[in-house]
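Written out below as structure tokens is the structure these notes cover.
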Amino acid sequence: MANVKTPRNRGGASRAMITNAYGDELRSLAAAGCTYVQMDDTNLAYLCDEKMREAARQRGDDPNERPHRYAKFIHLGLSVSFV
């Protein structure tokens, strides 16, 4: 297992732990013969709601930056999958 060290997010869950979990799962799927995985992040839909975007701003988040942060997170998970 590749161990990625990243800072903790405000929710308390370690980004590194989640990234490693993505990697572990993808390695398990590959070992089982899976050759195609589609990753959909339905959680991003909340960024279409102006009330939710404002709530993000109130927490100090930039709702325009969030999709890029999520994409980096997923890419990091993919990159540790095959280390």
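Coordinate-derived values only; no laboratory data. Keep in mind it's a predicted model, so treat the numbers as computed, not measured. As a convention, Cβ positions derive from the backbone with ideal geometry for all residues, glycine included, and neighbour counts pool all protein chains shown.
Magnitude of the charge dipole for the stretch 15-81, about its Cα centre and with charges confined to Cβ atoms of Lys, Arg (+1) and Asp, Glu (-1), is about 180 debye.
Once C-alpha pairs closer than 8 Å and six or more residues apart are averaged by separation and normalised to the residue number of the stretch 15-81, the relative contact order reads 65 percent.
Sequentially through the stretch 65-72, phi angles give Karplus couplings (6.51, -1.76, 1.60; θ = phi - 60°) of 8, 3, x, 5, 5, 4, 4, 4 Hz, Gly and Pro residues having no value and appearing as x.
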